[in-house]
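Some notes on the structure that comes next.
Throughout, read-outs are computed from the coordinates displayed, never taken from laboratory work. The structure presented is a predicted model; accordingly, all values stated were derived computationally and were not measured. With ideal geometry, Cβ positions are generated from the backbone for all residues, glycine too; neighbour counts draw on all protein chains shown.
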Amino acid sequence: MPTTRNTQDATSEEIMPVEPKKTPMREQPPAERTKNFDEVPCGYSEEEAVKEAKRCLQCKKPLCVEGCPVEIDIPAFIKHIAEGDFRSAIRKMKEKNLLPAICGRVCPQEDQCEIKCVLSKKHDPVAIGRLERFIADWEARQEEKSAAEKAAPTGKKVAVIGAGPGGLTAAGDLIKMGHKVTLFEALHKPGGVLVYGIPEFRLPKSVVEREVDFLVASGVKLELDYIVGKTSTIDQLLEEYDAVFISTGAGLPWFLNIPGENLNGVYSANEYLTRSNLMKAYLFPQYDTPIIRGKNVAVVGGGNVAMDCARTALRLGAEEAHIVYRRSKKELPARIEEVHHAEEEGVVFDLLTLPVGYIGDDNGWVKELECIKMELGEPDSSGRRRPVPIEGSNFRMKTDTVVCAIGQSPNPLIPQATPDINTGKSGNIEVDPATGKTSKKGCFAGGDIVRGGATVILAMGDARKAARSIDEYLRTGKW
Amino acid sequence: MNTITETRWLGQDIREIWFENSRIAGSFKPGQFLVIRHGETGERIPLTIVEVSDGRIRIIIQQVGYTTSRLCRLKKGESLGNVIGPLGHHSDIVKYGSCVCVAGGIGAAPLKPIAAELRKQGNRLTVIEGVRSSKYLILDKELEKIADRFILMSDDGSVGEKGLVTLPLKKMMEEGNRPDYVYAVGPPVMMKAVSVLTRQYGVPLTVSLNPIMVDATGMCGSCRVEVAGETKFACVDGPEFDGNKVNYDLLMNRLKVYADDEKHAGCDIGGDNAG
Ligand SMILES: Cc1cc2nc3c(=O)[nH]c(=O)nc-3n(C[C@H](O)[C@H](O)[C@H](O)COP(=O)(O)OP(=O)(O)OC[C@H]3O[C@@H](n4cnc5c(N)ncnc54)[C@H](O)[C@@H]3O)c2cc1C
Ligand code: FES
């Protein structure tokens, strides 16, 4: 029986059946898309977006908003779309989220807003992420952008370190509050993980450029090729700036620490993706940076990063790309859409499998990955069942390229160069979660440098919170 | 920024470039390096900072592959492109007593600021420079000026004495002139040969490693080296390491990863003395 549309509005008489499935989004077919790096999902047309927006029940107490780390007024922006008033929809969106084109593409909606959607009890939830993407892309096609309103200049200067989603959000908020903002970035391109990590086929770099251009047009000064801690220190910055926001991300890649890890052909996910995305090695030799184009690629890990690597491998010409993951499919931390896309493209999932060593050939190149089979035991501290090795189940997989995508920890450069900023066990910067304040006066932090590898939207949420307390600090001088 | 102010050929395929970058020059300490990316399609390659003066930086580039050839063709007034630095830990130089600096080929470039600093700290300094042949000789005059004693070796005997840099070093050790400290920078085979001697005679050795890098901020692990059995990232943990504990065979192997993709990686891997 179809659910009826009950607007929860006592005065509403209207009761209409709801389409049980999300309006499908057109995608490049799997066989075709593994031969290019173009974006996989094509986005909604205006008609499709309106149709999907009309599935929203406009709940009085919208649970979806509770699921959103930056509390976007989801029913309100969707209502505008349903009414075909796209301009109002994007305005509503930008009240809370400056980077909707990015979030619409990479947020784990199924664990945040969409999981809370009332419809999801019986049907597909409203495709909130797709609508978010639609409205942002719609705006990008318009001549007139919704320029941010700026408060009167305060005469205060803020240095934002790291141009990932955290830094971009903080810079955007602070400039709106009337402060002067300089954004320092170590790499030659702004965007953080959005440009060096997440591949073009999932997040086109033009989308990130668009957002950065918007910030620069709003008055944010961008200093690229600038490594804080090396080019200058935080203390030097504090001589010129009134406050500092640190969002340098979780850039330190983990390896498995098993024998043979430094053989040729063994990459960290960061290196593999940086070569391909930031340096455009997939266009070698048109671009100068090379990358190993393995035929038989094994990617260790089960998150978004691992899916990105396996799908990149296919596009670089791999005949086989494997995901080697120590738990079962249910525990894969990647977004559902990524797993689904990877499966469609033919990525092989070797689940309940743990690598224990690399075997090299006579020339020092990896040729096999030795693994052991796992089974699920008792739940561990994360609530997931702990994988335990099955004794004697060792076996070897043939491979010529291994990509280690098992996570990363906070970038140690700034903590090392700034001893009076307190750090935790894993090297993360410690902050007051309510304000983003670090132990050093005038210094705030947020995003992956605080949390370890987390998500785009959490980095943005942290930045937003920190921007508010930076504003307060600059206006009151109170620490 | 990064505008070239001076260029000059120092030897065959070896180019000296001075360029403007006051922000890096202002923070530089001996032992540190920078990363250059030239142009939109360029790759990122590490290069040692040889000297800074008045907001200008001196680098020395040996043409060994595509990127280094492009850099060597740049002229005064042109921009190097993106330059990031100063990177890595600086050298920790104190007074040891008597020191030997061993430079192989283009390794003379990174070694020069280290030698100068050793001297400044009051060490007695012998510099041994080795080259493939006279065509590749660089910085010899400058090193000679810094050193108390300067020894020049070449593979083919076209300049200095014929033989490897380890020859005079070995002689010193055997004759009882065991130095208190050795610094060596050059091709991995050369540093490895030096380490055989220093280990044998129990002399501390510091080397500067130049593996393939990408970001050089500790983010990718391309620059992995093994020191005392532990994996280190040369860009942030180095570039200097305890030369008696480096796994040179691994270093040499990892330098060959992209050998097939033309010599794109910008690293020199051949030569005995030199490069
Ligand atoms: C391959 C991959 C796929 C992912 N997929 C998803 C996804 O689908 N959805 C999702 O929500 N999350 C995803 N994530 C996680 C998400 O990208 C991060 O949580 C998010 O980018 C963190 O933002 P940030 O601003 O804290 O740091 P980052 O994005 O890491 O940005 C930090 C920036 O700081 C710069 N920096 C570092 N040190 C310095 C310094 N000393 N001086 C100056 N600049 C410095 C870095 O170069 C970088 O540009 C993914 C991550 C990866 C690696
Ligand atoms: S070059 Fe990337 S970590 Fe050292």
Candidate lysines - alpha carbon under 16 Å from B:Lys170, same-chain residues fewer than 8 apart omitted = B:Lys162, B:Lys192
Could I have the simple spin-label model distance between A:Asp38 and B:Lys256, label points 7 Å from Cα toward Cβ, reported in nm to one decimal?
-> 4.1
For B:Ser79 paired with A:Asp85, estimate the spin-label separation in nm (one decimal), with each label point 7 Å from Cα along the Cα-to-Cβ line.
-> 4.6
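Please compute the Kirkwood hydrodynamic radius of the protein assembly as shown from all pairs of different C-alpha atoms, in Å with one decimal. Mind dumping the intermediate values first?
Details: mean 1/r = 0.0358 Å⁻¹.
That comes to 27.9 Å for the protein assembly as shown.
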Go ahead and estimate [θ] at 222 nm for chain A from helices alone: -39,500 (n - 2.57) per DSSP H run with n ≥ 4, summed, over the residue count, rounded to 500.
-> -9000 deg cm²/dmol
So who's got an amide H within less than 5 Å of the one on A:Arg327, skipping anything under 5 residues away but keeping other chains? H placed 1.01 Å off N, in plane.
-> A:Leu352, A:Thr353
Rg to Rh for the stretch B:4-87: what is it, with Cα atoms only and Rh by Kirkwood?
-> 0.92
Mind sorting B:Val189, A:Val106 by how few other Cβ atoms lie within 10 Å of their own Cβ, fewest first?
-> B:Val189, A:Val106
With each pseudo-label sitting 7 Å past Cα toward Cβ, what's the B:His90-A:Asp73 distance in nm, one decimal?
-> 5.5
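Relative contact order of chain A, please, whole-number percent, based on alpha carbon pairs below 8 angstrom and at least 6 residues apart. Each step should come with its number before you reach the end.
On the way: 1006 pairs, mean separation 67.4, N = 479.
Over chain A, the number comes to 14 percent.
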Alpha-carbon centroids, the stretch B:104-178 and the stretch A:457-479: separation in whole Å | 56
Which ³J(HN,Hα) values in Hz, rounded to whole numbers, follow from the phi angles of the stretch A:413-421 under the Karplus curve 6.51 cos²θ - 1.76 cosθ + 1.60, where θ = phi - 60° and Gly and Pro get x?
-> 4, 6, x, 5, 7, 10, x, 7, 9
A:Lys280: which lysines have alpha carbons under 20 Å from its alpha carbon, excluding same-chain residues fewer than 8 sequence positions away?
-> A:Lys35, A:Lys189, A:Lys205, A:Lys295, B:Lys263
If you bin every alpha carbon distance in the stretch A:135-179 into 5 Å steps from zero, what whole percent lands in each bin?
-> 5, 19, 20, 18, 21, 12, 5, 0
So which aspartates and glutamates can A:Lys221 reach, going by Cα to Cα under 13 Å and dropping same-chain residues fewer than 8 places off?
-> A:Glu185, A:Asp213
Volume per residue (Å³) of the convex hull spanned by the alpha carbons of the stretch A:23-114 is 109
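What's the exposure ranking of A:Ser469, A:Ser426, A:Ser393, A:Ser232, going from fewest to most Cβ atoms within 10 Å? Working shown, then result.
Numbers: A:Ser469 17, A:Ser426 11, A:Ser393 14, A:Ser232 20.
With the fewest neighbours first, A:Ser469, A:Ser426, A:Ser393, A:Ser232 line up as A:Ser426, A:Ser393, A:Ser469, A:Ser232.
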Report, as an integer, the average count of C-beta atoms from other chains found within 10 Å of each Cβ along A:224-232.
-> 6
Applying 1/(1 + (r/R0)^6) with R0 = 51 Å to the Cβ-Cβ distance of B:Ser133 and A:Lys221, what FRET efficiency is obtained, to the nearest 0.05?
-> 0.50
Sort A:Met25, B:Met252, A:Met279 so the one with the fewest other Cβ atoms within 10 Å of its own Cβ comes first.
-> B:Met252, A:Met25, A:Met279
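Mind scanning A:Lys441/B:Lys95; A:Lys156/A:Lys230; A:Lys373/A:Lys398; A:Lys176/A:Lys440; A:Lys94/A:Lys425 and naming the pairs with a C-alpha gap bigger than 27 Å? Let's see the in-between values first.
On the way: A:Lys441/B:Lys95 38 Å; A:Lys156/A:Lys230 25 Å; A:Lys373/A:Lys398 16 Å; A:Lys176/A:Lys440 25 Å; A:Lys94/A:Lys425 36 Å.
Exceeds cut-off: A:Lys441/B:Lys95; A:Lys94/A:Lys425.
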Total charge of the residues flanking A:Ala101 in space, meaning their Cβ is under 10 Å from its Cβ, with Lys and Arg +1 and Asp and Glu -1, is -1
Cα principal axis extents for chain B, largest first, Å | 54, 38, 35
The Cα extents of the stretch B:98-255 along the principal axes, largest first and rounded to whole Å, are 41, 34, 29
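What does the charge count near A:Ala310 come to, summing +1 for each Lys or Arg and -1 for each Asp or Glu among other residues with Cβ under 15 Å from its Cβ? Intermediate values should be presented prior to the final figure.
Working: positive: A:Arg33, A:Arg202, A:Arg293, A:Lys295, A:Arg311, A:Arg315, A:Lys329, A:Arg335; negative: A:Asp308, A:Glu319, A:Glu320, A:Glu337, A:Glu338, A:Glu343, A:Glu344, A:Glu345, A:Asp350, A:Asp400.
With Lys, Arg at +1 and Asp, Glu at -1, the net is -2.
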For a label point 7 angstrom out from the Cα of A:Gln286 toward its Cβ, which stretches of the stretch A:21-59 have the backbone nitrogen within less than 11 Å?
-> A:37
For the stretch B:199-262 and the stretch A:82-116, write down the distance between their C-alpha centroids in whole Å.
-> 46
Two-decimal Rg to Rh for the stretch A:299-366 - Kirkwood Rh, Cα set | 1.01
